[in-house]
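Any read-out appearing in this document is the output of simple, stated calculations on the displayed coordinates, not a laboratory observation. Predicted model, so just to flag it, every value in this text is computed and none were measured. All Cβ positions, glycine included, derive from the backbone under ideal geometry; neighbour counts span all protein chains shown.
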Amino acid sequence: MKGSFYVSQHAVVPTRAGFMMLFVLTTSFDTTVDLIIRDMGTDGVFRYNFDLWRDYKLSLTPGGFRIEDPTGRVIESRTTSKFLLGKPWRSKDMFPGEDVEDEDRYYEEEMWYALREIANLLWADGKIVLVEPLVDARVGKFVQLDAARVFFNVPTYQFSVGAPFEKAKGRGYVAKSLTFETIGPESEGATLFTTKVDTDQLSPGVPWFVQECITAETDVTVQVVRDEAFAFELDRRPFMDKTVDWRELAADETSGEWQPHILPEDTEKKIFAFMDRLGLHFGRLDFLLGKGVYYFLEVNPSGQWGWLDVEGKHGLLNKVIKEISPATPCTPIPASPGPRAKF
């Protein structure tokens, strides 16, 4: 709920001196973080909603940082056991079509810089868990696809602008967006979901990412949480006459239809080997399953997963909570905060 600091069935408990906490950097409308705090409780969690930065008190000195939220709860460098990155969007990310006063934009960028450096300091201390900051810049779609070819079946693909498409006879193709940016004015803009296309009809003067269209009966998504994988499946047949991309459907049409999926042992081993190759502890891998064959599409290393286990029945929610809890040992992300990895 926008504007809330905590969405939880537990009471807000003031931070005790020396009490170790999980530091979550996000926004006030991150439903996945809401879900975690609902089950985890607020006692061991400090949530910083970047869209409400004016409501917090923050100090960063050579001795470390100290942050106080509007309820009087406090977190410091010494009381931070783990750090989890949610979705700390800036105004320009949340409302790209709206004008922001120059003064407000300056203040927000100063705060963004300070919070980013706090995250980097915690990264250097080995306290960042699961989600790697700016991971999409290090492990983008083409890096993923290149690595995936070692382990999985990968549909043929091509990114092209001004160059002809290399087509295979008898194969259909789909167009995809690399960035998921909207096309047109923000209020009326459209999003390019995965769409069947005739490559001969695509304008050669603009960039296109096309991939072989795979005939499949099932979508399979696998959420990896460090050393465990949680697989779910969605029957594609009910919506194939509408779209080839389930994300284009309304959330209520699919959220309750995902069911647990049993991965073959060999496929699960390949998933962990793939994640290890990319240096990832966390990510949701998407596959198409057709005639018993898994086709790798992509891994989202910082995406949403809560809708797969809202009620905590399948082990995924509990596993995430176990990994981020200040009461369990800290296993930091594999990537180091070097020049190419800093948030």
Expressed in angstrom and rounded, the centroid-to-centroid distance over alpha carbons for the stretch 207-239 and the stretch 149-173 is 18 Å
Summed side-chain charge close to PHE230 - residues other than PHE230 whose Cβ falls under 10 Å, Lys, Arg +1, Asp, Glu -1:
0
Phi-based couplings in Hz for the stretch 68-84 (Karplus 6.51, -1.76, 1.60; Gly and Pro marked x):
10, 8, x, 8, x, 6, 10, 10, 10, 3, 6, 9, 8, 8, 8, 10, 10
I want to check the label-to-label distance for ARG149 and ARG54. Put each point 7 Å from Cα in the C-beta direction and report it in nm to one decimal.
5.2 nm
May I ask you to list the residues of the stretch 273-289 whose amide nitrogen lies under 15 Å from a point 7 Å from Cα along the Cα→beta-carbon direction of ARG138?
275-283
A 29 angstrom limit on the alpha carbon distance is what I want to check against. Which of LYS176/LYS322; LYS141/LYS313; LYS57/LYS82; LYS169/LYS269; LYS167/LYS269; LYS57/LYS141 exceed it?
LYS176/LYS322; LYS141/LYS313; LYS169/LYS269; LYS167/LYS269; LYS57/LYS141
Please list 221-234, 194-207, 286-299, 136-149 highest first by mean number of surrounding beta-carbon atoms within 10 Å per residue.
221-234, 286-299, 136-149, 194-207
Computed lengthening from ASN318 to GLU212, 0.36 nm per intervening residue step minus Cα-Cα distance:
34.5 nm
Per the stretch 275-343, sqrt(5λ) over the Cα gyration tensor eigenvalues, sorted largest first, in Å, gives 25, 21, 10
Theoretical gain in end-to-end length, TRP307 to VAL293 [0.36 nm per residue, Cα-Cα removed]
2.5 nm
